[in-house]
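No lab work stands behind these numbers, since they all come straight from the coordinates. What you see is a predicted model; the values in this text were computed from it and never measured.
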């Protein structure tokens, strides 16, 4: 009988230890899940801000490009010679090319920055658990 009681106590103690481990695992899982959700939320927020900045930049570039085209068209309407028209058109083509290349470079930098900022919260969260 003593042996049976001792075995029952050991089984009971093992059950309590397993329950404590399960509860600890549950708390840790909840903490990881919550941290992951917060990191994803911050990451999406950063990405959203980056996309808004990109949209604003593209809008400003489009407006500036359109305004430049209108000014060039106005100049072309008032030309007095073929040479003057060719010069205005050449200047415009060079300006468009230079501005376009500069804008592409700027947008590329903005995209790289966006990815860097958006990935930081996830990287920081993963470092906490490694």
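Among 57, 38, 83, the largest mean-square fluctuation in a Gaussian network model of the chain (Cα springs under 10 Å) belongs to 83.
Note: relative contact order over the chain, using C-alpha pairs below 8 Å and six or more positions apart, is 47 percent. Note on residue 28 and residue 51: the extension gain reaches 4.9 nm, defined as 0.36 nm multiplied by sequence separation minus the Cα-Cα distance. Taken as Cα centroids, segment 12-55 and segment 93-121 sit 34 Å apart, rounded to the nearest whole angstrom.
Helix-only estimate, please: 222 nm mean residue ellipticity of the chain, summing -39500 (n - 2.57) across DSSP H runs of length 4 or more and dividing by its residues, to the nearest 500.
-36000 deg cm²/dmol
Given in Å, the Rg to one decimal and the Dmax to the nearest whole number for the Cα atoms of the chain are 32.7, 119. Let me know the whole percent of all Cα-Cα pairs from segment 87-130 that are separated by more than 13 Å. So the portion of pairs separated by more than 13 Å is 67 percent.
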